[in-house]
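Only one structure is covered here, and it is reproduced in the block below.
The values are calculated or read from the model by the stated rules, or taken from the named source; none is laboratory data. Quick caveat: nothing in here was measured; it's all calculated off a predicted structure. Here the Cβ positions follow ideal geometry from the backbone for every residue, glycine too, while neighbour counts run over all protein chains shown.
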Amino acid sequence: MSVYHWTEYLRRTLFVTLFIAVCGIVSTPLARGADESVAEEWIFNVILPPAWTIADAMIAYQYEGSYYLPAVELGEALDFYIEAEVDRGYVSGFAGDEGNTFTIDSEKGELILEGEIESLPDDAVLSQDMVFDEDVFVRIDVLNRIWPIEMELLLSNLQIIIEAEQDLAFMERLRRSEAQERIFAQRGAGKTDFSSLPFVDNPVKMLGKPAYDIQATYTYDDADNTLRGSNNITGTQQVAGFVADYSANYAFIEGKFRRPESIRLRMEKQAIGEDYIVSPYVKRLELGDVTLPRRDLIGNTTGGRGFIISDKTSERDREFDRVTVEGTGPPGWEVEVYNNDQLIEVGIVDGVGEYRFEDIVLNYGKNNIRTVLYGPQGQIREEVEEYSIGNSMMKPGEFDYSVGLTDTGRSLILLENEPRLQPRGVTKNAEFFYGLNNTFTFFGSFTETPTRDDLQQYYTIGTSFSTPIGLGSVEGYKQINGGNAVDTRFITELFGVRLNLRAAMFDRAFESDDAGYDDSGKALETEIQANTNVNLFVPLSLKTNLLHTEFFNGTVTSDLQTNVSYSGRGLRISNQTTSRFVDEIHENSNGAVAATWRQGEWQLRGNLGYRMHPEWELSTGSTELRYTKKNGFQSALSFAHDFTNSTSTVGTQIGYDFDNLVASFDTQYRQHEGWMFMLRATSSLHPYTEDEHYTMSGRSRRNTAQVLAEAFIDRNNDGIYNGDDEPMQDVRLRIDNGRSTDKTNEDGVIIATIPNNNEVAIRVDEASLIDPYLKPSNKGFRTMGRKGSMPRFSFPIVETGSIDGTVYRTSNDAPVQGMRLQLVDAEGAVAMETETAYDGYYAFEFVLPGDYIVRADPEYQVNVPNETVTVSSEEPYVFGIDMFLIEPAAEETAVEETDGESVGIAQTNLAPAADGTVQQAQTPSDGGSSSVVKAVRIGEHSDKIRLVLDLSVMADYKIEAGEEGYIVLVDMPDTTFEAAARASYPNNAILQGYETEMLPSGGTRLILRARNLMTIVDAYAIDAVDGNPPRIVFDIAKQ
């Protein structure tokens, strides 16, 4: 009985307990639903795909089937401008554009969008009595209306997915930050000061080795059974301090080589930089067969034996002048300055609302200086100034002149069978240019030249000018014992159409080769050129040219040319027409359609000529199909037809680049005339080889300057190729700021083309080295590029190392953040600079072997004892060089101001989480883990970031790729985190942040989230050494 009674009691007790529990579960939601003063709290992860995490944990509320989000917190996370009065449910501001204004006023029941007032639904904003957070919670569909985004709830994943109609303010801000770093790196490379590089002279020799270009064309014509040939030889050679260019052309006719019709020889000497010839006012001297310019209304250029003296050289700086850009704006706004859409300067509006940028470079050509101000919530304001600098304009205060004389039509080496040109006589020409300021250039000239009647003399004077709307020039002509003329020109752009305008006026007494003579001379000539691009279903380029001329004899002519072209997807089609009108009578009109289609190694070209007036008819047509291989082989098949004579021609061509010779063979069959065969060959004979012995090349080397360089791995660091040193293949050169097209061969040798008559910097292109830790031991050289010579350079390549450590305070062992450190070499020069991360960690990468001192930037005036470090080929990686801040020069503050820059001295060794707090990882209750992550440190480098885990003891790890390259998983069995469980890095270009989770089998999974596609390029472990803890290091880069 007692047993039965006890078990029955237990059974009844359990039944009652279960009944009470079930009633409680059932009644709880009913009771909560009845209490309308309480909303249900949710926590969501807010994401903007594909790569933006707006918030890891955002509080939201659900009430009567609707979801409400915190307007202030979410708006600030999206960089929208927000003002709020939480107590009265009031929010106002703008989203990105200052015109996208909004106001939510729950007291008045108003919703105002861009100034338009409408009623606010009663349930649009939750009452403050219903929530536990200091924010204005607005229904999600209302937020979708007032902001340029669309938010969607995914309850299954507890996520809010945002789709943006446009780039949001924070996205633009981060992209601009990345663009600033990238473009300033490019700009820094573009403005590299090469003056510190050692200069290696490359003087002109008394007698250098010549280089020749040889061209030969031989034709057999079946119609008259003849073989004809043309042979042309051009050469370049350094002679007596000059560079000599010479050429000769001789023919093969009736089985014999004929004497050359002409031989040309020109000697040129140019002084580069600060050098000069004879006098500081003589920079260029030409002797022999020279070409003299003449002003436009006098005639074309004229050539003959003579000389030219000038202070103008072929070396010209693209920079014209520098200006100051200044203005006003709201204090604290960021300012960017662009020239032709290229970022050139960045700054901040100062406390009194002003900004100023000095030394903004104006280049020759069009300069569109655009100043853009960015507000903290995405506001954008722009100002634009335009400067147009013509190529004929001189820098302010700069003076150029040129003086020359030629025996017109007579060669230096006169041959009996050379044709005699008329009119004969001596041409003299002198001209000067002077830059008055950055708006006006003054110029003038004197010309004496033989004409149809006699020697004539002309004076000209004029000015070129730049205006905000275009470029112009005015030039007046005076003929001695003759008349006058005026030439005016203006280039501008109107409604997207580029206009080139010219007008010339002559009086009857002005005569020249261009103006004409007697009554047939010109009285007025005007020309209009118009170019524009339009999109009429397809993008088209339109060009028009109208030349109108009036003569003193009453004749009036007009020539009109039009061109319409399309280019895209490998196809280019153009139609050009030419019409001539004489005395308002339409004399003729002709046209031509040309088309080219390229697809891989194939090219198809076609031309069709036609007449439109006085009668419409086809004139000519042709087509060619060409096949070209990258190995130098090419072949072609062509067909042409003359509609006027009703004759057709069929042709073939086959050619090949043999490296030392380019040759082709053509066949052509002409209707009614028979066959024609043509053989062409081109080669360059030059001494630009490793041993300077002559060789032949299919590419012309006659008119180029060359440089020879050798690259090798310097095993013993002596700077000389010897012993175990190895040649480096596939290395490119940096020539000034460009890259060589060729690479070093298997012997580590490269012969590259460099600019002629210019001082150039020659360096190793470090991007072409197979290992980023290989670097040239010298920074490069400067030399002078000259035709006919080839200076030699040696580039030893060495393995670099790295130096890292942490900076602490001695008072409390706290890490020092944001301190700039310098690496000083044995000569006392600063080789590198870096800044400590938030946890005090610093690193110098790619350090050349040598002795160094690590020190704090002296500008800080803080007491940090220096550390001496040696990087060697045997021990290239030096770890754990910790430094200690003993006593700052000023009182300890959160931020020290140094030359306008802020240097944070942070006292934390934990990474901040997304909301600015530190979240501790969960530790398993069983405490079975054997390793603990004490700290997570991140360092930023030019091409990667470095993530370092400080451990209690060494731990195993496994790396796995996550979602499409945006996530990397690191599994660490038997490891827990005492460091921050999650962190975000809003200003990091690669890593968005990380988070941790427990592995089912024990241990921790580290989840790295990227902004862009990323990859772990290196991962390694470092054992505890010199008091430093064990570490795991991950080097992460963009894919």
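Set side by side, the residues GLY801, GLY828 differ, and just one is under 28 Å from GLY880 (Cβ atoms) and surrounded by fewer than 18 Cβ atoms within 10 Å (Cβ to Cβ), which is GLY828. Residue pairs whose Cβ atoms lie under 7 Å apart, separated by 6 or more positions or on different chains, with the first residue in the stretch 417-442 and farther than 16 Å from LEU292 by Cβ and the second modelled with pLDDT of 75 or more and basic (Lys, Arg), are ASN417/ARG259; GLY435/LYS395. Among the strands (runs of 3 or more DSSP E) confined to the stretch 806-869, the ones with at least 1 residues that are touching an Asp or Glu at 6+ places or on another chain (Cβ under 9 Å), free of Cβ contacts under 8 Å to residues at least 24 places away in the same chain and of a type outside the set (Lys, Arg) are located at 830-835.
Okay, residues lined up against (1) in a loop (DSSP other than H, G, I, E, B); (2) among the polar types (S, T, N, Q); (3) modelled with pLDDT of 90 or more:
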{"position": "GLU382", "(1), (2), (3)": "no, no, no"}
{"position": "GLU386", "(1), (2), (3)": "no, no, no"}
{"position": "SER402", "(1), (2), (3)": "no, yes, yes"}
{"position": "THR406", "(1), (2), (3)": "no, yes, yes"}
{"position": "ASN417", "(1), (2), (3)": "yes, yes, no"}
{"position": "LYS428", "(1), (2), (3)": "no, no, yes"}
{"position": "TYR434", "(1), (2), (3)": "no, no, yes"}
{"position": "GLY444", "(1), (2), (3)": "no, no, yes"}
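If the condition is being without any contact (Cβ under 8 Å) to a residue 24 or more places away in the chain, touching a strand residue (DSSP E or B) at 6+ places or on another chain (Cβ under 8 Å) and farther than 30 Å from GLU268 by Cα, then the stretch 732-765 contributes only GLU746. Examine the stretch 43-59 for a residue that is crowded, with 17+ Cβ neighbours inside 10 Å, in contact with an Asp or Glu (Cβ under 6 Å, 6 or more places away or on another chain) and modelled with pLDDT of 85 or more, and state whether such a residue exists. Looking for residues that are crowded, with 17+ Cβ neighbours inside 10 Å, in contact with an Asp or Glu (Cβ under 6 Å, 6 or more places away or on another chain) and modelled with pLDDT of 85 or more, one finds at least one in the stretch 43-59, hence yes. Being out of contact with any Gly (no Cβ under 9 Å at 6 or more places or on another chain) and surrounded by 17 or more Cβ atoms within 10 Å (Cβ to Cβ) is a description that does not apply to LEU373.
As a summary of the residue check, LYS256 satisfies the conditions (1) surrounded by 14 or more Cβ atoms within 10 Å (Cβ to Cβ); (2) at pLDDT below 90; (3) of a type in the set (D, E, K, R) except for the one numbered (1). Of the set (1) in contact with a Gly (Cβ under 6 Å, 6 or more places away or on another chain); (2) outside any strand (DSSP E or B), all apply to ARG598 but (2). Among the conditions (1) surrounded by 19 or more Cβ atoms within 10 Å (Cβ to Cβ); (2) over 30 Å from GLY719 (Cα atoms); (3) at pLDDT 90 or above; (4) of a type outside the set (A, V, I, L, M), GLN817 misses just one, which is (3). Across the stretch 334-348, the number of residues qualifying as crowded, with 19+ Cβ neighbours inside 10 Å and more than 21 Å from the chain's Cα centre (by Cα) comes to 1. Summed over the stretch 252-295, residues that are without any contact (Cβ under 8 Å) to a residue 12 or more places away in the chain, within 19 Å of ASN202 (Cα to Cα) and part of a strand (DSSP E or B) total 1. Of all residues in the stretch 772-790, those being closer than 17 Å to ASP245 by Cα and either surrounded by fewer than 19 Cβ atoms within 10 Å (Cβ to Cβ) or not basic (Lys, Arg) (or both) number 3. The single condition from (1) within 30 Å of the chain's Cα centre (by Cα); (2) part of a strand (DSSP E or B) that THR313 fails is (2). Screening the stretch 804-814 for residues that are surrounded by 17 or more Cβ atoms within 10 Å (Cβ to Cβ) and of a type outside the set (Ser, Thr, Tyr) and picking the one that is farthest from ARG946 (Cα to Cα) gives ARG809. Among the residues that make up the stretch 689-706, is at least one of them part of a strand (DSSP E or B) and in contact (Cβ under 8 Å) with a residue 60 or more places away in the chain? So far as the stretch 689-706 goes, yes, one or more of its residues are part of a strand (DSSP E or B) and in contact (Cβ under 8 Å) with a residue 60 or more places away in the chain. Here the stretch 565-583 is the region considered, the condition is being under 30 Å from GLY554 (Cβ atoms) and part of a strand (DSSP E or B), and the residue that is farthest from the chain's Cα centre (by Cα) is VAL582.
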